[in-house]
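This report concerns only the one structure given below.
The values are calculated or read from the model by the stated rules, or taken from the named source; none is laboratory data. Keep in mind that this is a model prediction, so the values were computed, not measured. Here the Cβ is made from the backbone with ideal geometry for all residues, glycine too, and neighbour counts use every protein chain on show. Remember, those area values only see protein heavy atoms, side chains included, never the ligands or the DNA or RNA. Shrake-Rupley method; radii C 1.70, N 1.55, O 1.52, S 1.80 Å.
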Amino acid sequence: MLAQFLKFAAAGAVGTACHYATLVLWVEVLGGRVVPGSLAGFCTGALVNYLIARRWVFASDRPHAAALPRFALVAATGAVLNTAIVAWLNGAGLHYLLAQVVATGAVLAWNFFLNRTWTFTA
């Protein structure tokens, strides 16, 4: 399980890079608000993570029609958790990127557990 978690974390790093790039683009370049930018970044990262996790991390042969809705539900609950943490910590005065780091750690554990036990298990 540790090796699988490390693969999940590595795949998550790619998705996280996409998430953070979208967030910074949204806030710094487009002048958007932090919480919607974080949510847009989360969605971008989730799509990248699905593609990598299904094939490389979990080596799942579960059809997309079965796995993708489950992954989407896990991602949606992760998005709510992510957004709540970022909103709470940023609202309390923590810089938005530091708030996002805390949220990322919490959501990583949440998503691994649910994807391992429910999304990609045949």
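Could you say which residue among LEU30, LEU39, LEU47 is out of contact with any Phe, Trp or Tyr (no Cβ under 9 Å at 6 or more places or on another chain), at pLDDT below 95 and over 17 Å from TRP110 (Cβ atoms)?
Details: LEU30 fails: at pLDDT below 95; LEU39 fails: over 17 Å from TRP110 (Cβ atoms).
Unique residue meeting the criteria: LEU47.
When the range 21-41 is examined, which residues are found to be small (Gly, Ala, Ser) and surrounded by fewer than 18 Cβ atoms within 10 Å (Cβ to Cβ)?
Of all residues in the range 21-41, those small (Gly, Ala, Ser) come to 21, 31-32, 37-38, 40-41.
Across the range 21-41, the qualifying residues are ALA21, GLY31, GLY32, ALA40.
Just to verify a result, which residue in the range 71-122, among those that are at pLDDT below 95 and not in a helix (DSSP H, G or I), is nearest to LYS7 (Cα to Cα)?
Looking at residues that are at pLDDT below 95 and not in a helix (DSSP H, G or I), I get PHE120.
Open to solvent by 30 Å² or more (accessible area, probe 1.4 Å), under 21 Å from ALA21 (Cβ atoms) and in a helix (DSSP H, G or I), is that true of LEU68? Steps first, answer last, please.
Numbers: open to solvent by 30 Å² or more (accessible area, probe 1.4 Å): yes; under 21 Å from ALA21 (Cβ atoms): no; in a helix (DSSP H, G or I): yes.
Taking the combined requirement at face value, the residue does not satisfy it.
Picking from TRP118, TRP56, TRP110, TRP88, which residue would you name as being of a type in the set (Phe, Trp, Tyr), open to solvent by 60 Å² or more (accessible area, probe 1.4 Å) and within 10 Å of the chain's Cα centre (by Cα)? Talk me through it step by step, then tell me what you get.
On the way: TRP118 fails: within 10 Å of the chain's Cα centre (by Cα); TRP56 fails: within 10 Å of the chain's Cα centre (by Cα); TRP88 fails: within 10 Å of the chain's Cα centre (by Cα).
After applying the criteria, what remains is TRP110.
For the range 79-101, how many residues are over 16 Å from THR22 (Cβ atoms) and not aromatic (Phe, Trp, Tyr)?
If we filter the range 79-101 for residues that are over 16 Å from THR22 (Cβ atoms), which is where we start, we get 80-81, 84-85, 87-95, 98.
After this cut, where a residue has to be not aromatic (Phe, Trp, Tyr) as well, the list is 80-81, 84-85, 87, 89-95, 98.
Of the residues in that region, 13 qualify.
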